[in-house]
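First up is the structure itself, then whatever we jot down about it.
The values are calculated or read from the model by the stated rules, or taken from the named source; none is laboratory data. These numbers were taken from a predicted model, which means no experiment stands behind them. Heads up, the Cβs are rebuilt from the backbone with ideal geometry, glycines too, and the neighbour counts pull from every protein chain shown. The accessibility values were calculated without ligands, DNA or RNA, using every heavy atom of the protein model including side chains. Shrake-Rupley method; radii C 1.70, N 1.55, O 1.52, S 1.80 Å.
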Amino acid sequence: MATADDLKFQEFDDAANLLAANPDATTISIDEPVEIPKNQHSRLQEPGREEDDELLGTDDSDKTELLAGQKKSAPFWTFEYYQTFFDVDTYQVLDRIKGSVFPVPGKNFVRLYIRSNPDLYGPFWICATLVFTIAVSGNLSNFFIHLGKPTYHYVPEFRKVSIAATTIYAYAWLVPLALWGFLMWRNSKVMNIVSYSFLEIVCVYGYSLFIYIPTAMLWIIPQKVVRWVLMVFSLCLSGSVLVMTFWPAVRDDNRRIAVATVATILLLHALLAVGCLAYFFDAPELEIPAPIIPSH
């Protein structure tokens, strides 16, 4: 039976003395894990890796896609599934609009603004606003051009709304769909290609069209030179967003295919701008002469 002295707390000697007394004893060393400073950890990375991750959007992309998949886990036939695409606040939409109007050189639009929470709210309303802006501005432009001519009778052209809606929404959905399919196909051929989701591509195209809303308002000015200068300026801004977004995704592919892909993206974007300006604002209007009443 243990005595009272055995139950008292005892002060142990140093580890060296204990080992000397019992050399066959088993010892366990408990050390704190060595922490690597953040600045030293960043220096251990490759010099160009951080820049590539920033351009391609591959840094933490797996975690982001996993979280996005967990967020949108509802079945696609339910209302909750599509509600997540419109779950965005005003500050995020304004920030993405600002990023499309003032693109930062060398920065990826998807990486900076879209990947954390891609949405359809902004692209849908930007396209709707652009449709009515082009239709109304086209009618006003036609009115101001022929204002004061005795043979001209103003008639609102409501068909321009349907034509503008078909053109804008077809471009904002069909072109991203084709581009997404092409990137998926090339991703199966070349493993290094970074592919975007269809929703991310729709976001990029939708927000890139915002610059044409104020431009369409200024196209009311009855000066062809001013209109074309505004069109080129807007095309350069919105086109730069598309180039800086999709060039990092295809640059590891065959050089000719990569250049052809970016050139096709810019060509289709330019055709949209030139077509809208030429059809809705610079289209010649047929003037119907006033009927001649014979004198008796």
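Quick notes
- Of ALA164, ALA216, ALA170, all but one fail to be under 22 Å from VAL131 (Cα atoms), out of contact with any Leu (no Cβ under 9 Å at 6 or more places or on another chain) and small (Gly, Ala, Ser); the exception is ALA170.
- Matching residues, the stretch 131-163, being open to solvent by less than 40 Å² (accessible area, probe 1.4 Å) and farther than 19 Å from THR215 by Cβ: HIS146, GLU157
- Residue match in the stretch 132-144 (condition: out of contact with any Asp or Glu (no Cβ under 9 Å at 6 or more places or on another chain), without any contact (Cβ under 8 Å) to a residue 24 or more places away in the chain, closer than 24 Å to ALA278 by Cβ and not aliphatic (A, V, I, L, M)): yes
- Look at (1) within 19 Å of VAL101 (Cβ to Cβ); (2) assigned to a helix (DSSP H, G or I) and you find that ARG186 fails only one, number (1).
- Among all residues of the stretch 199-206, there is none that is within 26 Å of the chain's Cα centre (by Cα), in contact (Cβ under 8 Å) with a residue 24 or more places away in the chain, under 27 Å from SER100 (Cα atoms) and open to solvent by 50 Å² or more (accessible area, probe 1.4 Å).
- Within the stretch 104-131, the set of residues being more than 21 Å from ILE168 (Cα to Cα) and of a type in the set (D, E, K, R) comprises LYS107, ARG111, ARG115.
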